[in-house]
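The values are calculated or read from the model by the stated rules, or taken from the named source; none is laboratory data. Computed from a prediction, not measured in an experiment: that's the story for all the values here. All Cβ positions, glycine included, derive from the backbone under ideal geometry; neighbour counts span all protein chains shown. Side chains are part of the model used for accessible areas, which takes the heavy atoms of the whole protein and leaves out ligands, DNA and RNA. Shrake-Rupley method; radii C 1.70, N 1.55, O 1.52, S 1.80 Å.
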Amino acid sequence: MDEKEPRLVGRIKEKLVESKQKWAREGRLLTGETADPAADRLPPGQRLVQNWPVLDLGIKPKVALESWRLTVDGLVENPLSWGWADFQAQPQVRSVSDIHCVTAWSRYDNKWEGVSARHLLALAEPLPEARHIIFHAHDGYTTNLPLKAFDEEGVLLAAKWEGQPLAAEHGGPVRVVVPKLYFWKSAKWVKRIEFAPEDRKGFWEVRGYHNGADPWKEERYG
Ligand SMILES: Nc1nc2c(c(=O)[nH]1)N[C@H]1C(S)=C(S)[C@@H](COP(=O)(O)O)O[C@H]1N2
Ligand SMILES: [Mo]
């Protein structure tokens, strides 16, 4: 949890979190298979859905555009602090990718629009000691990535989905999208991107989810 927002802790759906932790301990949904993303589109153990499920911890923060701010800090040459107008002034890219959630649903062909991770990296200029990223969100959620997993094609800070502003329940105004990993790595309502020298596990990672989260290797728990 983000220690700066202790008031959020008591609002989390503890039962939901408990049941997910139990799944992780029991290895629920694991098939033991691996797959080749070049040959198969659906990773092992996943099923395709047409709708878009909403998953959260029981907290759906409402973030007004006027007060929206994104901070990029830690081991970077140029820390960033963007208001909404600053975000809009960055080059906006489009990217189409598939979602794979650890709870076994996948959704194909999501059309995202926003600021690419590579653009952000070019502006912030991570220092050579920066190896890991921690995303912090408005609901107190955190998740972590190796820097090289952020520096990938298709990774973006998405503000639009299917041409429309990203709905609040899906993480609007802005969420992270990391298409190659299970969707819990894609922080909704992102407010801070921290560059760190060492790895620091996030909300689900400390509760039994795999640190790597590669759906093709079925890295659900670990
Ligand atoms: N801030 C925040 N981001 C989050 C979560 C969350 O609870 N809070 N849940 C994660 C999980 S487990 C999943 S599967 C996806 C769900 O995104 P969706 O509700 O848009 O489908 O968001 C991820 N990002
Ligand atoms: Mo998830």
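With respect to the conditions (1) more than 16 Å from ligand 1 (Cβ to nearest atom); (2) surrounded by 12 or more Cβ atoms within 10 Å (Cβ to Cβ), residue 89 falls short on a single one, namely (2). Please go through the range 153-205 and pick out each residue that is surrounded by fewer than 16 Cβ atoms within 10 Å (Cβ to Cβ), away from ligand 1 (no atom under 11 Å from the Cβ) and either within 11 Å of the chain's Cα centre (by Cα) or of a type in the set (Asp, Glu) (or both). Matches in the range 153-205: 153, 162, 198, 199. Condition check for residue 208 on (1) on the phi > 0 side of the Ramachandran plot; (2) within 11 Å of ligand 1 (Cβ to nearest atom); (3) of a type outside the set (Asp, Glu): one failure, at (2).
Condition check: touching a Leu at 6+ places or on another chain (Cβ under 9 Å), outside any strand (DSSP E or B) and open to solvent by less than 70 Å² (accessible area, probe 1.4 Å). Does residue 53 satisfy that? Talk me through it step by step, then tell me what you get.
On the way: touching a Leu at 6+ places or on another chain (Cβ under 9 Å): no; outside any strand (DSSP E or B): yes; open to solvent by less than 70 Å² (accessible area, probe 1.4 Å): yes.
No: the conditions fail for residue 53.
Only a single item in (1) surrounded by 12 or more Cβ atoms within 10 Å (Cβ to Cβ); (2) at pLDDT 95 or above; (3) part of a loop (DSSP other than H, G, I, E, B) is not met by residue 35, and it is number (2).
Table: residues versus (1) within 16 Å of ligand 2 (Cβ to nearest atom); (2) within 15 Å of the chain's Cα centre (by Cα).
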position	(1), (2)
74	no, no
78	no, no
88	no, no
98	yes, yes
105	yes, no
137	yes, yes
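In the range 14-29, the residues that are surrounded by 12 or more Cβ atoms within 10 Å (Cβ to Cβ) form Cβ pairs under 6 Å with partners that are of a type outside the set (Ser, Thr, Tyr), at six or more places apart or across chains, as follows: 21/207; 21/208; 24/208; 29/45; 29/104. Which of the residues spanning the range 139-155 are more than 20 Å from residue 210 (Cβ to Cβ) and among the small types (Gly, Ala, Ser)? Answer for the range 139-155, where residues must be more than 20 Å from residue 210 (Cβ to Cβ) and among the small types (Gly, Ala, Ser): 140, 154.
Under the condition of being within 12 Å of the chain's Cα centre (by Cα) and away from ligand 2 (no atom under 16 Å from the Cβ), the residues counted in the range 140-152 number 2. Just one of (1) away from ligand 2 (no atom under 16 Å from the Cβ); (2) out of contact with any helix residue (DSSP H, G or I) (no Cβ under 6 Å at 6 or more places or on another chain); (3) modelled with pLDDT of 95 or more fails for residue 117. It is (2).
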